Structures are given as C-alpha cells and as structure tokens.
Amino acid sequence: MKSRSIYPAVILASIMSAATVQAQNPEASGSGDQHHPEAHSSHDQFAAGEPGKPENVTHTIEIKTLDSMKYEPSSLTVGRGETVRLIVTNIGRWIHEATIGTVAEQQAHEAEMKTDPHKVHDSPNSVTVDPGETKELIWHFDQPGQFEIGCHIPGHYESGMVAEVTIR
Ligand SMILES: [Cu+2]
C-alpha cells in the first residue's frame, strides 16, 4: 500500500518539468521580436537636453512649488549650452514634482502618471518634493527652443502647474 504513494510524486515531478519547458518557450519565441528593446531605449532620450554634471554647472536657478498650482518663477530663460542647477523647493503643504521636458514629453509623463499614480520616482529629468523639501536637478540644455517644467501629481498639470523654459 505504501509503495503507491510514489506514483503521485513521480507524476507531479513530470508535470512540473513539463511546466518548466512551457514557461521557457514563450521567452524563446519572443526573443525574435527586436521592437521592444528599441522602444525602451528611446524612452530614455530627452528632447530638452540631457542630464548634466555638477562640475559643468553654469547657472543656478531656484524654483518654488506652490499649492496654488504654480511655480515661482513661472518662466525661465537659459542660454543654449548651459548646464543649470535647478533647486526645487516645495513651500506648499501638498506634494509636488518638477519634470523638465518638451510639451510632448510632459503629455507622455502625464499619461504615465494617470495609469500609475504611484509612479512618483525621481529620474534624471524629474524630482518629487514633499512639503518643505528641497531637491536638485542638474540639466544640460543643448539646443534652443521652448520647454516646460511641469508637475504631474494628478490634476496639477491640468490645472496649469507649468513653468515655461526658453532656451536661446
Ligand atoms: Cu504640483
């Protein structure tokens, strides 16, 4: 009678090894698709410039986040090729953020935050500041144009929480 208990164990083992093979197959067939890695790497390109190095900073700008859904100042002008240290201080009582980007990048980030409101990680072009907190962004603006600093805490960008950045 006791010897029968061996069979379920053998069957279970063979089912598990079959499941392992099945789990590996989708990966093997998926490796032929080269589109996904490219889509990911292009996401990390920034049209407004690139992350800057502290030793290259040529211009320091302080900007405050306000609960009135504004930045102070609400517009900045920077010379082309400058590396800016942006010191972001939240003087309000709500959480805010500051994301540097083109209008298209702001809209993409806005859509991302709507899908996943908990996605408030700092990244090279974005900081999230709690009330009373100060954080820095160092950014190299390598081309002329009109960019934005936007707050993507849900509802804020829609309410006009944007600072215009002119690079000339
Ligand atoms: Cu905000």
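Classify segment 47-167 as rounded, prolate or oblate from the Cα gyration tensor: take a ≥ b ≥ c as the square roots of its eigenvalues, call it rounded if a/c is under 1.5, otherwise prolate when a/b beats b/c and oblate if not.
prolate
Taking K53 as the anchor, which aspartates and glutamates have their alpha carbon closer than 14 Å to its alpha carbon, excluding any fewer than eight residues away along the same chain?
Of all the aspartates and glutamates, those that pass the test against K53 - Cα under 14 Å, at least 8 places apart if same chain - are E82, E136, D142.
List the aspartates and glutamates whose Cα sits under 15 Å from the Cα of K70, skipping any in the same chain fewer than 8 residues away.
The qualifying aspartates and glutamates are E62, E97, E148, E158, E164.
Among S74, S159, S126, which comes first, second and so on when ranked by fewest other beta-carbon atoms within 10 Å?
Listed from fewest to most nearby Cβ atoms, that is S159, S74, S126.
Compute the signed sum of charges (Lys and Arg +1, Asp and Glu -1) over the other residues within less than 10 Å, Cβ to Cβ, of V127.
Spelling it out: positives minus negatives among the neighbours equals -3.
Which length gain, in nm to one decimal place, applies between T115 and T102 when the Cα-Cα distance is subtracted from 0.36 nm times their residue separation?
The span from T115 to T102 would gain 2.7 nm if fully extended.
Work out, step by step, the length gained on full extension between Q143 and T166: first 0.36 nm times the residue separation, then minus their alpha carbon distance; give nm to one decimal.
Computed gain between Q143 and T166 is 7.3 nm.
In what order do E110, E50 fall by count of nearby beta-carbon atoms within 10 Å, going from fewest to most?
The fewest-first ordering by Cβ neighbours comes to E50, E110.
Once you put a point 7 Å from the Cα of S123 and another 7 Å from the Cα of E55, both along the Cβ direction, what distance in nm separates them?
2.8
Rg over Rh of segment 85-142, using C-alpha atoms and the Kirkwood radius, what does it come to?
0.97
Between S75 and T89, what length comes free when the chain is fully extended (0.36 nm per residue of separation minus the Cα-Cα distance, one decimal in nm)?
3.5 nm
Each value in this text was obtained by applying a stated rule to the coordinates, not by laboratory testing. Just so it is clear, the structure is predicted and the values come from calculations on it, not from any experiment. For neighbour counting, all protein chains shown are included, and Cβ atoms are generated from backbone atoms with ideal geometry for every residue, glycine included.
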